[in-house]
Structures are given as structure tokens and as C-alpha cells.
Amino acid sequence: MADKNYISYADVDGETIENTVFPAAGTNQSEFSDILKLSHAKNTVVRGCHIYGGKEDCVDMNRNCENILIENCTVYPFGSYGFTIKGGAKNITLRNVIFDGHGREADIDLGNWSDQSMEQTKNVVLENVRTLDGSPVKVRVLWAEKPTIVDSNVKLLVIPKPIIWAYRWLRVRKLVP
């Protein structure tokens, strides 16, 4: 079943999204899986935005997103994650990002399952990523390289590769959800 996203940028190159609040005031965010969805987006900048979460994510990047910069933004997780970065995404930078709250599972989820790409998520940089209350940003690393962390307050949970390989093997064969 496809996600219902508030706003999606798919197959774009060179997009800039600035000084926007997602979703618009009065919108029932619980109607949406993801609020901001980037799919096969390249050379895209999201700057100065306030992004409230849907049932799953504030921001979901999938299907080989590349060269994405999210900077000077505040995210307000409502569901499972603040950010999901998966599906072969690479060269992703989160800079000066503030979390006002935590996702239920993780704040940043790297390399979760993607039906669109089996490629590993690579070259994620977390620079000055923090929470409003001073607690660590929870980062889970699945089918991804460990992120580069610069001047950030994060707690990494790296799932061992043999567990990820076993899960992916079972998932491809539709033996697990």
C-alpha cells in the first residue's frame, strides 16, 4: 500500500525549498505517512523550513536521492522518525537541524528497507544536529554506512551487518514483513 505524502518532490534536479512550514496550518498531519518526501531527487536544498511529522516521517528520502542538503531547519517528529534516508541515497547533509521532540523508533533512520532500491545508503553527514531539550538525537544505522558526525549531539545505534543481511535475505523472499 502506497504512502500518502503531504508534499513530494520526485525526479527533480536542482530544486530549492526555502522558508516554508510543512504542513500548512490547519492540516491534519496524522492523515499523512510522510510530510516531505524526496524520491530520486538530486542537487536539492531544503533551507529554513519547519517540518512537522506525519505518521512515519517528517522527511523521507528514497530511490537514489543524491546531493541533498537540509539546513537551518527544525523538525517536529510525530511518528516513527524525523528523517528516513534509504534506498541508495548518497551525499546527504543535515546541517544546523534542530529536533523538537523524538521519533518513536529513531530520530534519523539510515538504510531502512526500500522497495525501490537495494543499494546501500552512503555518505550521510550530520553537522550541528541537536535536540531542543539537549538530549541526544537517536540515529539508527541499518543498510547504510555510518554517518560522518560533526559537532552534533547524537547517539548511534549500529545494527550488525549479519543481522541486516539475514533480514534482507528473508525480506526479498517475502518471508518477513
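Readers should treat all values here as calculations from the given coordinates under stated rules, not as data from a laboratory. The shown structure was predicted, so the numbers you read here are calculated from the model rather than taken from an experiment. Backbone-built Cβ (ideal geometry, glycine too); neighbour counts: all protein chains shown.
A quick yes/no check of all residues on (1) without any contact (Cβ under 8 Å) to a residue 40 or more places away in the chain; (2) closer than 15 Å to T84 by Cα; (3) surrounded by fewer than 12 Cβ atoms within 10 Å (Cβ to Cβ); (4) touching a Phe, Trp or Tyr at 6+ places or on another chain (Cβ under 8 Å):
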{"residue": "K138", "(1), (2), (3), (4)": "yes, yes, no, no"}
{"residue": "T148", "(1), (2), (3), (4)": "yes, no, no, no"}
{"residue": "N153", "(1), (2), (3), (4)": "yes, no, no, no"}
{"residue": "R171", "(1), (2), (3), (4)": "no, no, no, yes"}
In segment 85-144, residues that are farther than 19 Å from T44 by Cα and assigned to a loop (DSSP other than H, G, I, E, B) total 25
Matching residues in segment 47-80 (assigned to a strand (DSSP E or B), in contact with a Phe, Trp or Tyr (Cβ under 9 Å, 6 or more places away or on another chain) and hydrophobic (A, V, I, L, M, F, W, C)) number 6
Meets criteria (in contact (Cβ under 8 Å) with a residue 60 or more places away in the chain, over 12 Å from F78 (Cβ atoms), touching a Ser or Thr at 6+ places or on another chain (Cβ under 9 Å) and not aliphatic (A, V, I, L, M)) for S8
no
Within segment 24-53, restricting to residues that are under 15 Å from the mean Cα position of the chain (by Cα) and over 22 Å from D11 (Cα atoms), the one that is surrounded by the most Cβ atoms within 10 Å (Cβ to Cβ) is G53
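Residue-wise test of (1) more than 18 Å from G82 (Cβ to Cβ); (2) among the acidic types (D, E); (3) within 16 Å of the chain's Cα centre (by Cα).
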| site | (1), (2), (3) |
| --- | --- |
| T131 | no, no, yes |
| S135 | no, no, no |
| I164 | yes, no, no |
| R168 | yes, no, no |
| V176 | yes, no, no |
Over segment 16-34, the set of residues touching a residue at least 12 places away in the same chain (Cβ under 8 Å), farther than 16 Å from D60 by Cα and part of a loop (DSSP other than H, G, I, E, B) is N19, T20, T27
